[in-house]
Amino acid sequence: MKLRTIEYVIEIAQCGSINKAAQNLYLSQPNLSNSIKALETELGFKIFVRNSSGIELTPEGSVFLKSAVRIQNELEQIKKIPTLFHEYRDLSIVSTNSSLFFQIFIAYRNQYPLDDIEDTFRETGLIQSFRNLMEQRYRLSIFYCFSCRREYHEVRADRYGFDMVPLYSHVPIEVLVSVSNPLARRSSLDFEEIRNYPIITYEGFKYEDWLGVLNVDRSQKVTKIFDRGGLRDIISSSNTAIAVVKKGSVDISGHSRCATLPISGKVPSLDIYMIKQRNYQLSPREKEFIQFFKKQIANYYRNS
């Protein structure tokens with residue numbers, strides 16, 4: 001029996017829906033269903049049954065759930081053990097895709113070098129960023145999300161024992177286009193016009209976290225890219241597609257095929273947050289980095 005499957009059972013029981021639980025766990029519904037079926041086969045009894053309103057626990061499932069919750073609580077206590085005996089000197093950060101975030105990380109290392117320390121910084125999508133923290137592959141996550149989605153992520157963070165700390169608010173968003181795109185000759189693009197163009201965006205974001213806020217219809221043509229370089233390269237070769245990005249997140253210096261223009265109109269507010277395990281106390285160096293990060297972010301947007 002895998003410990004992760006215990007988490008799946010608890011989430012499904014709380015949601016009353018495999019589909020909703022799959023969304024919260026950042027899994028596909030078939031994968032989640034298969035994991036539960038495998039667990040039921042291993043145990044020799046059904047945990048859930050379907051009814052007219054969704055899904056419910058069997059009598060055996062109710063007993064299993066009580067044990068699962070106790071196990072999960074004990075695991076939370078186990079996770080606290082390293083923080084009692086070890087103070088980390090390295091930085092272990094996972095971030096949503098951003099050239100600016102990475103440049104600040106490099107600037108910090110250059111300003112405060114420690115030759116004997118191996119710091120780690122990874123860029124990925126919002127879904128994987130949360131997952132990496134849940135699996136304790138990284139200690140800190142820095143990500144951006146729209147203000148209208150803040151409450152959703154605060155609830156998610158609380159459910160998994162994370163602290164969600166604001167670092168900066170009202171980040172400007174802009175449109176990345178090819179210089180061959182007619183839009184490159186305009187001074188701005190109205191927010192309501194975004195839906196009129198093919199979209200290039202990062203994978204690893206739920207529809208509701210990015211495209212939904214931008215009012216992009218689910219039927220609109222969207223191409224999803226894994227990294228910043230791929231997104232920039234595809235944009236530079238298209239005279240129709242656009243990418244909506246936060247200002248400074250894609251480095252186009254020295255890349256003459258791309259241009260950016262501001263978005264006008266009623267633009268939703270975009271903010272930057274840090275999340276960490278609630279029981280984890282930041283090391284002195286991590287505190288120093290976060291303060292450095294906040295200062296550099298503020299200076300960048302103030303002066304750009």
Next on the checklist: Can you tell me the length gained on complete extension of the stretch residue 252 to residue 120, counting 0.36 nm per residue apart and subtracting the Cα distance?
Outcome noted: 45.1 nm
Checklist outcome for this item: Among 155, 244, 63, the residue with the largest mean-square fluctuation in a Gaussian network model of the chain built from Cα contacts under 10 Å is 63
Checklist entry - If you find the alpha carbon centre of the range 39-113 and of the range 1-26, how far apart are they in angstrom? => result 12
Checklist entry - Roughly what would the spin-label model give for residue 41 and residue 278, points 7 Å off Cα along C-beta, in nm? => result 3.7
Checklist outcome for this item: Helix-only [θ] at 222 nm, the chain, -39500 (n - 2.57) per DSSP H run of 4+, per residue, nearest 500, equals -12500 deg cm²/dmol
Checklist outcome for this item: Quick calc, residue 226 & residue 111: beta-carbon distance into FRET formula, R0 30 Å, rounding 0.05, result 0.50
Checklist entry - Given springs between every Cα pair under 10 Å in a Gaussian network model of the chain, which of 152, 108, 144 has the largest fluctuation? => result 152
Checklist outcome for this item: Comparing 75, 176, 140 in a Gaussian network model of the chain (Cα, 10 Å), the one with the largest mean-square fluctuation is 75
Next on the checklist: I need the chymotrypsin sites (Phe, Trp or Tyr not before Pro) found in the range 28-79, filtered to DSSP loop residues with at most 15 other beta carbons within 10 Å of theirs.
Outcome noted: 45
Checklist entry - Can you pull out the trypsin sites (Lys or Arg not before Pro) in the range 128-219 that DSSP calls coil and that have at most 10 other Cβ atoms within 10 Å? => result 218
Checklist outcome for this item: Note on the chain, DSSP bridge orientation, antiparallel percent to nearest 5 equals 65
Item to check | For the range 158-304: accessible area per residue (Å², 1.4 Å) | outcome: 47
Checklist entry - How large, in percent, is the carbon and sulfur part of the accessible surface of the range 136-229 at a probe radius of 1.4 Å? => result 46
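The values are calculated or read from the model by the stated rules, or taken from the named source; none is laboratory data. Note that the structure is predicted; figures quoted are calculated from it, not measured. Positions of Cβ are generated from backbone atoms using ideal geometry, with glycine treated the same way; all protein chains shown enter the neighbour counts. Just so you know, the surface numbers come from the protein's heavy atoms only, side chains and all, with ligands and any DNA or RNA stripped out. Shrake-Rupley method; radii C 1.70, N 1.55, O 1.52, S 1.80 Å.
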